[in-house]
Amino acid sequence: MLIIPAIDLYQKKVVRLVKGKESNCKAYSDNPIFVAKKWKNKGAKWLHLVDLSAVFSKGDNETVIEKIIKKVDISVEVGGGIRSLEKIEQLISIGAKRLILGTKATDSDFLKKALKIAGDKIAVAVDEKEGKLAVKGWQESINLSIVKYLDYLKKQGIKWVIYTDTSRDGTLEGFNFDRIKQISQDYHFNLIFSGGVSSLSDIKKLRKVVPQAAGVVVGKALYEKRISIEEAIAI
């Protein structure tokens, strides 16, 4: 199970949100490349980059993302505002190793075309809000159950899923382990879990509950120094 540090980018700064709300934004650094190098030097093998500016339709951080990919020797998965096939091709061309689709993945025609272009580099964010799928940067939810959405992704041939309980993201409240266990038992995606990591005990428990987990995204707990990445990797 990989420990994947999150670098959420908003107006070229490293930030964290609470429950995905733009109004609950806290900046941690105005030097994303320095932060990326720090996590790499501390042992991370992957980074989880999210372009929040693109999510909220307030520009983008494409130049920052490209600089991180070019200047830091680390694998990068990128999400946030990927709404066109051209954007997918552009991110692949600069060296992104995995592309995270959000709302656009609900469009089956788009998803099929994306898979033709990028294959197993495509991951889908499954963001749960009170049992339903959260979309548009978690600002809305649609009347589609998570179970039905996962069934749809399975039929489409998706290999990678990044699951987040939006009610816990950025709260340091820990995972909903019952939900995580249920999903991991019912579906055999490469599962990466995100949202709510508060301590090393959460990571220990996740490894015990879902030993086949592909990874866990850690954000606020790292930036607030609740855990050290070295200890998390050691687990």
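No lab work stands behind these numbers, since they all come straight from the coordinates. It should be emphasised that the depicted structure is a prediction, and the values quoted were computed from it without experimental measurement.
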Check: Regarding segment 25-81, what is the average projected area of its C-alpha convex hull, in nm²?
Finding: 3.9 nm²
Checklist line | Computed Kirkwood radius, in angstrom, where 1/r is averaged over Cα pairs of segment 78-125 | finding: 10.3 Å
Next item on the list: Averaging over all projection directions, find the projected area of the Cα convex hull of segment 9-106 and quote it in nm² with one decimal place.
Entry: 6.2 nm²
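When you have a sec, figure out the Kirkwood radius of segment 172-235 from all distinct Cα pair distances and drop it here in Å to one decimal?
It works out to 11.9 Å.
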Notebook entry, point to check: What is the Cα centroid distance between segment 25-59 and segment 199-235, reported in whole angstrom?
Noted result: 18 Å
Note to self: With n ≥ 4 as the cut-off for DSSP H runs, can you work out [θ] at 222 nm for the chain, using -39500 (n - 2.57) per run divided by the number of residues, rounded to the nearest 500?
What the structure shows: -10000 deg cm²/dmol
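Under Stokes-Einstein, with the Kirkwood radius over Cα pairs standing in for Rh, what whole-number D in µm²/s applies to the chain at 20 °C and 1.002 mPa s?
122 µm²/s
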Next item on the list: Could you check which residue among GLN90, GLN156, GLN185 shows the biggest mean-square fluctuation in a GNM of the chain with a 10 Å Cα cutoff?
Entry: GLN185
Note to self: Strictly over 27 Å apart at the Cα level, which of LYS40/LYS220; LYS19/LYS116; LYS40/LYS181 would you flag in this model?
What the structure shows: LYS19/LYS116; LYS40/LYS181
Notebook entry, point to check: How large is Rg/Rh for segment 102-210, to two decimals, with Cα atoms and a Kirkwood Rh?
Noted result: 0.97
Note to self: Straight-line reach from LYS208: which aspartates and glutamates fall under 16 Å, measuring Cα to Cα and dropping same-chain residues less than 8 apart?
What the structure shows: ASP178
